[in-house]
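Written below as structure tokens is the structure these notes are about.
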Amino acid sequence: MTDSPHRRVGPAGPLARTAARVKRLPLWSLIAAGVLLGGGAGGAYGAVKTPQYSATSYVIAVPDEKSDPSAALGFAQAYGRVATQIAVLGDAQARAKVPVRKLQSSVQAVTSPDAPMVAVSATSAKPREAAAMANAVAQALTDTANRTQASTKVKLLRFSPAMKPTSPSSASPEVTALVGASAGGLLGGLVMLVRPRRERTESAATVPGPAAAADLQGSV
């Protein structure tokens with residue numbers, strides 16, 4: 001019984017055939033596919049997601065005649081840190097007509113290192129509700145701070161109330177599509193970099209079988 005000099009390879013499976021086709025694709029097709037898929041997914045996300053609206057109310061710390069003007073800046077920083085605490089939000093929930101939990105997740109306070117001012121911002125899917133929450137928290141913060149005015153020598157004043165926003169603050173479908181396309185193109189580029197290089201086809205050396213080797217030895 002003679003061994004066959006060549007092993008017969010069975011038909012490749014669907015996964016192997018798909019991998020072979022992918023390897024034969026040009027390199028730029030990976031980036032193009034990533035851009036198309038990412039842009040489509042980003043645009044769909046922006047179209048489906050509910051728009052969000054933001055409104056901001058400003059309060060300012062003012063020192064009295066017996067206080068150092070620089071103290072107002074320090075107290076503004078302190079009031080900014082307590083603006084989203086339960087003590088303040090508990091007083092604001094009645095004015096905003098929303099629960100404290102919603103205020104905790106929707107309101108944030110930002111202070112400036114140069115000005116004794118606190119910006120209270122609120123975000124909601126309803127423009128009127130966003131303005132109401134920002135104004136309610138700003139008023140509650142003002143009331144809380146002014147209860148200790150006799151000892152701090154600094155009072156808070158409403159500088160600018162929040163107005164009902166007219167346009168959403170969340171990204172539009174065009175922007176999310178652009179971001180998705182950029183991310184998809186980057187991912188396609190990374191796949192292209194880690195993709196194994198095409199194997200070079202080399203002519204394999206022909207190895208004579210046992211019968212051919214015997215004939216060669218007999219002819220010598």
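Here's a check for you: in the range 95-110, which residue that is in a helix (DSSP H, G or I) and open to solvent by 80 Å² or more (accessible area, probe 1.4 Å) is nearest to GLY74 (Cα to Cα)? Spell out the reasoning first.
Step one: of the range 95-110, the residues in a helix (DSSP H, G or I) are 95-96, 100-106.
So of that shortlist, the ones also open to solvent by 80 Å² or more (accessible area, probe 1.4 Å) come out as 95, 101, 104-105.
Working: ARG95: 28, ARG101: 28, GLN104: 24, SER105: 26 Å.
In this case the residue turns out to be GLN104.
Which one of these is at pLDDT 90 or above and not in a helix (DSSP H, G or I): ALA92, ALA61?
Details: ALA92 fails: not in a helix (DSSP H, G or I).
From the options ALA92, ALA61, the qualifying one is ALA61.
Which one is farthest from VAL62 (Cα to Cα), of the residues in the range 113-125 that are open to solvent by 40 Å² or more (accessible area, probe 1.4 Å) and in contact with a helix residue (DSSP H, G or I) (Cβ under 9 Å, 6 or more places away or on another chain)?
Within the range 113-125, the match that is farthest from VAL62 (Cα to Cα) is THR123.
Search the range 114-136 for residues that are farther than 11 Å from LEU103 by Cβ and assigned to a helix (DSSP H, G or I) and pair each with any residue that is hydrophobic (A, V, I, L, M, F, W, C) and open to solvent by less than 30 Å² (accessible area, probe 1.4 Å) when their beta-carbon atoms are under 6 Å apart and the residues are at least 6 apart or on different chains.
Qualifying pairs under 6 Å: ALA130/ALA55; ALA130/ALA122; ALA131/ALA55; ALA131/ALA162; ASN135/ALA162.
Would you confirm whether any residue within the range 76-87 is open to solvent by 10 Å² or more (accessible area, probe 1.4 Å), touching a residue at least 60 places away in the same chain (Cβ under 8 Å) and of a type outside the set (Gly, Ala, Ser)?
Yes; the residues of the range 76-87 include at least one that is open to solvent by 10 Å² or more (accessible area, probe 1.4 Å), touching a residue at least 60 places away in the same chain (Cβ under 8 Å) and of a type outside the set (Gly, Ala, Ser).
Answer yes if at least one residue in the range 183-194 is at pLDDT below 90 and under 30 Å from TYR79 (Cβ atoms), and no otherwise.
No, the range 183-194 contains no residue that is at pLDDT below 90 and under 30 Å from TYR79 (Cβ atoms).
The values are calculated or read from the model by the stated rules, or taken from the named source; none is laboratory data. Note that the coordinates shown come from a computational prediction; the quantities given were computed from them, not determined experimentally. When we count neighbours, we look across all protein chains shown, and the Cβ atoms used for this are built from the backbone with ideal geometry, even at glycine. Please note that ligands, DNA and RNA were not included when accessible areas were found on the heavy atoms of the full protein model with its side chains. Shrake-Rupley method; radii C 1.70, N 1.55, O 1.52, S 1.80 Å.
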